[in-house]
RNA sequence: GGAGAGGUGGCAGAGUGGUCGAAUGCACUGGUUUGCUAAACCGGCGUAGGGGGUAUUCCUUCUACCGGGGGUUCGAAUCCCCCCCUCUCCGCCA
């Protein structure tokens, strides 16, 4: 959620920065108009409430003196005040609602270092690691590899749950599990994150807190309890562990010495991908359920961007250790996610696809999420402040799986397992079938 | 699912219609005293928002908030209704 005080003070800058995000700058003016209306009503209603409080005190005093007549007269008078207050309160609630409905749909503003542009064409490649691997044979795509080695049973996955759902089998299931374990150990033991294992469904408030709702309600799987339609819309399958974990301190006031907090979590991620039909093809690049290890940080605002760089490196380490070629993009203002003030995407090379796949998105949301979820910390100097909340994939597994098997396939049909994964898989090769 | 108990400030815990934003204790914090530490004593110490003071961070004033929402009343932490959550016991269950 944007800071209304900032918008009041710097409306021109706010208009310009909102436009960079592909939103109409006019929404700032709409918001300011609603804000002004709301404040006008608040001033009025609070003055009346003060009057009523004073009158009530007088009545109490009169009653105490036994002066019933005067007390009754005063009561009648004050009753009218109450009616006016009720009427104004109704207006105030309407004004608040209109204001909130608008501000909740506005995306975060981009940090000054973010390339300005309308879409992905303005993204900047800031780093490339390694080279595209050379093959002395024609590398296969992951679908062929999975079929040949029995890693994924695409047909049965579809039979069980519909298109976009995967059934990992044999070595495939073991490799998936090994990678999860490896990723968690890496971030816990090498990068100092605290592991958490969150619920895979969250209440709507959590989705609102991270900025998924109200805008992307259509991308979520809503859960219903049995046949009780009343419960529909209470809980949602998480689209990322960010939804539960970033909300860990919702409504809390932390102390400054609690910060920074580093969390990592494994979870499956459920995405309806509404509107992506037709883009989805056979394979595991765009699916409705995939595994991911997510990184979350809650930090002091002045540390936000240093922590972002560190988190990016944490995610890159995964790809480096697994011997994969990748590049890092600084996303443009028009391509970033709703809640982000700055985002790096990591794209890993998949030789069988002949293209880069996004496996990680690392963002600083600054105080955008913190304000929505009311996570604050008490500063040593006094006063409550909003922390920066960061999130990053560390990393998304289905696509990592693709890049890994396509990169490390051998001519004989086997797959070489990178050294750090070997203890987890208890093998150095997935043998040719 | 059934029965009961309960949700008050960072924590513990009073408060059953007005003088209660809320006793008291603990924690925290400023100070005095003290050779150091400790103790004792004095003071401060919730959150959000509106107005004013050239001021987001200081001062001042007002308003709201005692799980959430509605109601009664001149006035609600306190009375009434609905909902949520927690705990205990029973049942069911991985």
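Centre-to-centre separation between the Cα atoms of the range A:208-282 and those of the range A:152-192: 20 Å.
Is the range A:58-126 rounded, prolate or oblate when judged by the Cα gyration tensor, a ≥ b ≥ c being the square roots of its eigenvalues, rounded requiring a/c under 1.5 and prolate requiring a/b larger than b/c? In terms of gyration-tensor shape, prolate. Distance from the Cα centre of the range A:58-98 to that of the range A:347-393, in angstrom? Each part's Cα centre sits 48 Å from the other's. Over the range A:307-372, all Cα pairs binned in 10 Å intervals from 0 give whole-percent P(r) values of 20, 47, 26, 7, 0, listed from short to long. For the range A:1-42, the Stokes-Einstein estimate of translational diffusion at 20 °C and a viscosity of 1.002 mPa s comes to 205 µm²/s, using the Kirkwood hydrodynamic radius over alpha-carbon pairs. Where in the range A:171-186 does the amide nitrogen come within less than 15 Å of the point 7 Å from the Cα of residue A:321, taken along Cα to Cβ? What the label zone holds, given the 15 Å backbone N cut-off, is A:177-186. Computed from Cα positions, the angle between helix A:397-407 and the longest principal axis of chain A comes to roughly 20 degrees. Were the residues from residue A:104 through residue A:185 laid out at 0.36 nm apart, the gain over their Cα-Cα distance would be 25.5 nm.
The calculated FRET efficiency for the pair residue A:273 and residue A:90, based on their C-beta separation and a Förster distance of 41 Å, comes to about 0.50. Largest first, the three principal axis extents of the alpha carbons in chain A are 103, 50, 43 Å in whole numbers. One decimal place: the segment residue A:54-residue A:121 gains 17.8 nm when fully extended, by the rule 0.36 nm per residue minus the C-alpha distance.
Label separation (residue A:173 vs residue A:289): 1.3 nm, computed from points 7 Å beyond Cα along the C-beta direction.
For chain A, what is the percent of antiparallel DSSP beta bridges, rounded to the nearest 5?
Values: 51 of 56 bridges.
Percent antiparallel among DSSP bridges in chain A is about 90.
Site pair residue A:414 and residue A:374 shows an inter-label distance of 6.0 nm when each label is modelled 7 Å from Cα along Cα→Cβ. Compared with the dominant Cα axis of chain A, that is its longest principal axis, helix A:304-321 is turned about 20°.
For the range A:4-103, the direction-averaged projected area of the alpha-carbon convex hull comes to 7.3 nm².
Note on residue A:42 and residue A:68: the extension gain reaches 6.0 nm, defined as 0.36 nm multiplied by sequence separation minus the Cα-Cα distance. Among A:52, A:372, A:282, the largest mean-square fluctuation in a Gaussian network model of chain A, built with springs joining Cα atoms closer than 10 Å, belongs to A:52. Here r is the Cβ-Cβ distance between residue A:159 and residue A:97 and R0 is 30 Å; the resulting FRET efficiency, rounded to 0.05, is 0.05. For chain A, the longest principal axis of the Cα atoms and the long axis of helix A:68-103 meet at an angle of about 20 degrees.
A Gaussian network model of chain A, with springs between Cα atoms under 10 Å, assigns the largest mean-square fluctuation among A:90, A:169, A:407 to A:90. GNM remark for chain A: springs join alpha carbons under 10 Å apart, and the peak mean-square fluctuation among A:392, A:229, A:26 falls on A:229.
Bear in mind that the values in this text are calculations on the coordinates, not laboratory data. Predicted, not measured: the structure shown is a model, and the values here were computed from it. Note: ideal-geometry Cβ built from the backbone for every residue, glycine included; neighbour counts use all protein chains shown.
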